[in-house]
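Asker: I have a structure here, written as structure tokens, and I will follow up with some questions on it.
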Amino acid sequence: MASTLPDPHPDGRRTAADGPDAAPPAAGRTGGVEAHGIDHIPDSERRGHPRELFSVWAAANVNYLSLVVGGALVLMGLSLWQALAVIVVGNLFWLLTGLLAIPGPAAGAPSEVITRTLYGVRGNRVNNAVTGWMISVCYFALNLAAAATAAFSLVGRAGLPVTTPVKAAVVVLIAAVTLAISVYGHLTIVRLYVPITLALTAVFAVVAVAVVRHTDFGYVPDRPLTGTELWATVLAGVALIASGPLSYTTSADFSRYLPRTTPARAVAGWTALGGFLPGVLVCGLGALAATAVDMGDPESSLQRLLPGWFRPVFLLALVLGTVALNALTAYSAGLALQAVGIRIRRSLSVLVDGAVSVSLTLYALLVSDFLDTVGNVLQLTVVLLGPSTAVYATDILLRRNRYDGPALADETPAGPFWYTGGVNRSGALALVAGVAASAVCVDTVYTGPVAAALGGVDLSLPAGLLVAAGVYAPLMRRARATG
């Protein structure tokens, strides 16, 4: 039995026969508040085409944080062309996000449930608490802080004082709009993100023209990086960019309503393309801008390159793009909270996540340094996200994307994914080994022993990926061979 409660019927009516475990209606595809949570989506409620996934991911990746991260690469000491190369390589990790989306139609279940095959029913609850819920809430807070900085400028342009109470009110307002999209759920996201993608593309096209006119295409820092220092910066930059796609180990959440017969290549391709193209273009735009203005204060610096009449439009676009991104994050965080084992409606779980994220955002904006917070959180999460992504991707390949949705919903000791005491030791050991390998190689908020021995070169991303996959594959093959 899935640890979820269905939301009320779209028209608000409940019948006497509707107990707490009654099958939810198909609100996820017919309108209203989505009724499904982590429960299995029956074939009768599957609709759509994989191309819908492109706009879902594209709208979420035309955002302010991508501009900030792209500019940060130049601030780290890379030349323009080095930064652009790092941006392309880092965004190639969207291919993994695409791979992780393909079990959605096969299982009719979100990633938070599919990963029971990796860790077992009980082990997966721990996985969802850490790499699912906690990471999602942190990203929600960081993105909300990014949107709020743009909104503060809009408030100032309107002639209002940007005081601490006003800042808090702005953060709450943006969060409320974001959470409303997440509460209404999957169908709202699919329908709404097409016009959002078109609007954001138009705005950023204007920004791109203005930025390119001022770009120094031959930019090289006053003291070019060489040797170990260069490699350390390049690898840190790749990890920074890759942290975006790696954070979406939940990509099956948005493909699970597609028909079971949907081609896996189409699901993976549209998902990856929707993240890769805007990721490269917007991050690249941030790097180009960093050759002309101070991207240490990107929001106000970029405005100086734009016509006066267009500046409010640009600020609104920054807010809208981040709302689109955070709606996906909040949606998955709500499912993760259910998958932890808490009996709570999906709509209510989204609101709980939002309340926690708003608190973290206010801290990041009013107490901590925003850019430092962004860099530290994004790079450090790679220690967890890299290995968890590797284990998940390896499982998909080992099983050839064969997942039984109804069986995944069985949380009893008699179920096929109970393993030993509710834990799949193969997945648990692989994840621990991958995180340990990554942790000793990291060089962010602390320097691991391997990074120290290499002069600050951070190999946490490749180490975590390779060790986790290398441990999981043989252990899982052996476990399946012995029954």
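The values are calculated or read from the model by the stated rules, or taken from the named source; none is laboratory data. As the structure is a prediction and not an experimental result, all values here were calculated from the model. Using ideal geometry, Cβ is built from the backbone for each residue, glycine included, and neighbour counts are taken over all protein chains shown. All accessible areas refer to the heavy atoms of the entire protein, side chains included, with ligands and DNA or RNA removed. Shrake-Rupley method; radii C 1.70, N 1.55, O 1.52, S 1.80 Å.
Asker: Quick one: accessible surface of Leu397, probe radius 1.4 Å, all protein chains present, in square angstrom to the nearest 10.
Answerer: Estimated to the nearest 10 Å², Leu397 gives 120 Å².
Asker: Could you size up the charge dipole of the stretch 27-159 around its Cα centre, putting +1 on the beta carbon of Lys and Arg and -1 on that of Asp and Glu, and report it in debye to the nearest 20?
Answerer: 80
Asker: Same structure again: If you take every residue apart from Gly422 with its C-beta less than 14 Å away from the C-beta of Gly422, what net charge results, scoring Lys and Arg +1 and Asp and Glu -1?
Answerer: Cβ neighbours under 14 Å give a net charge of +2.
Asker: Same structure, new question: If each residue of separation counts as 0.36 nm, what is the full-extension length gain between Val166 and Tyr446 once their alpha-carbon separation is subtracted?
Answerer: 97.3 nm
Asker: Still on this structure, please answer the following. Using Cα pairs under 8 angstrom and six or more residues apart, how large is the relative contact order of the chain, in percent?
Answerer: Once normalised by length, the contact order is 31 percent.
Asker: Once the piece of chain linking Thr420 and Val432 is laid out straight, how much longer is it, given 0.36 nm per residue of separation minus the C-alpha distance between them?
Answerer: Fully extending the segment from Thr420 to Val432 adds 2.6 nm.
Asker: Given contacts defined as C-alpha pairs under 8 Å and at least six residues apart, what's the relative contact order of the stretch 23-113, whole-number percent?
Answerer: Dividing the mean separation by the residue count of the stretch 23-113 yields 32 percent.
Asker: Still on this structure, please answer the following. Run the 1.4 Å probe and let me know the accessible area of Leu316, rounded to the nearest 10 Å².
Answerer: Looks like 100 Å² after rounding.
Asker: What are the membrane-span-like helices in the chain by this rule: whole DSSP H runs, Cα extent along the axis at least 27 Å, mean Kyte-Doolittle hydropathy at least 0.0?
Answerer: 135-157, 164-184, 186-214, 227-246, 264-290, 311-339, 346-366, 370-399, 460-481
Asker: Another question, then. Given R₀ = 51 Å, FRET efficiency for Ile342-Val206 by Cβ-Cβ distance, to 0.05?
Answerer: 0.70
Asker: For Cα pairs less than 8 Å apart in space and 6+ apart in sequence, what is the mean separation divided by the residue count of the stretch 109-253, i.e. the relative contact order in percent?
Answerer: 39
Asker: In the neighborhood of Ser153, defined by Cβ-to-Cβ distances under 10 Å, what is the net charge if each Lys or Arg adds +1 and each Asp or Glu adds -1?
Answerer: Residues close to Ser153 contribute a combined charge of +1.
Asker: Compare the Cα positions of Leu408, Val440, Val137 along the charge dipole of the chain (+1 at Cβ of Lys, Arg; -1 at Cβ of Asp, Glu; about the Cα centre) and return the one farthest towards the positive end.
Answerer: So the residue we want is Leu408.
Asker: Net charge near Pro307, counting Lys/Arg +1 and Asp/Glu -1 over other residues with Cβ under 15 Å of its Cβ?
Answerer: Summing Lys and Arg as +1 and Asp and Glu as -1 gives +4.
Asker: Need the full-extension length gain, Val130 to Val194, defined as separation in residues times 0.36 nm minus the C-alpha distance. One decimal, nm.
Answerer: 19.9 nm
Asker: Here's something else I'd like to know. Where does the chain land at 222 nm, in deg cm²/dmol rounded to the nearest 500, when only DSSP H runs of n ≥ 4 count, each adding -39500 (n - 2.57), divided by all residues?
Answerer: -22000 deg cm²/dmol
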